[in-house]
1. Taking residue 60, is it loosely packed, with under 10 Cβ neighbours inside 10 Å and modelled with pLDDT of 90 or more?
2. Would you point out which residue out of 31, 27 is surrounded by 10 or more Cβ atoms within 10 Å (Cβ to Cβ) and at pLDDT 70 or above?
3. Without any contact (Cβ under 8 Å) to a residue 60 or more places away in the chain, assigned to a helix (DSSP H, G or I) and under 19 Å from residue 53 (Cα atoms), is that true of residue 34?
4. If a residue must be loosely packed, with under 15 Cβ neighbours inside 10 Å, within 15 Å of residue 6 (Cα to Cα) and either more than 18 Å from the chain's Cα centre (by Cα) or modelled with pLDDT of 90 or more (or both), how many such residues does region 42-57 contain?
């Protein structure tokens, strides 16, 4: 299981703190059972927020096709096969007479 990122820890902690305060102030409960229910629900909400924070994406380069092979609905022209040219004889360099 990967470690949580700094953003996940921050968002989760802030959610727990602020949702606990808001629910306690809005409900005006003073019983132990009410405070326990609010605390557990705030922790669950903080965990939900921390787990839904988007993780950094990894780049997958090897799985993509090269740009020239990608077709967007149009056929690509096929490259013409290269024919080998015949070698051309060259006179020897450095000599003043040609044979």
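The values are calculated or read from the model by the stated rules, or taken from the named source; none is laboratory data. Nothing here was measured: the structure is a model prediction, and the numbers come from that model. No Cβ is skipped: glycine too gets one built from the backbone with ideal geometry, and neighbour counts run over all protein chains shown.
1. Details: loosely packed, with under 10 Cβ neighbours inside 10 Å: yes; modelled with pLDDT of 90 or more: no.
Here the answer is no, as residue 60 does not meet what is asked.
2. Sole residue among the options that is surrounded by 10 or more Cβ atoms within 10 Å (Cβ to Cβ) and at pLDDT 70 or above: 27.
3. Judged against the criteria, residue 34 is not a match.
4. Count: 1.
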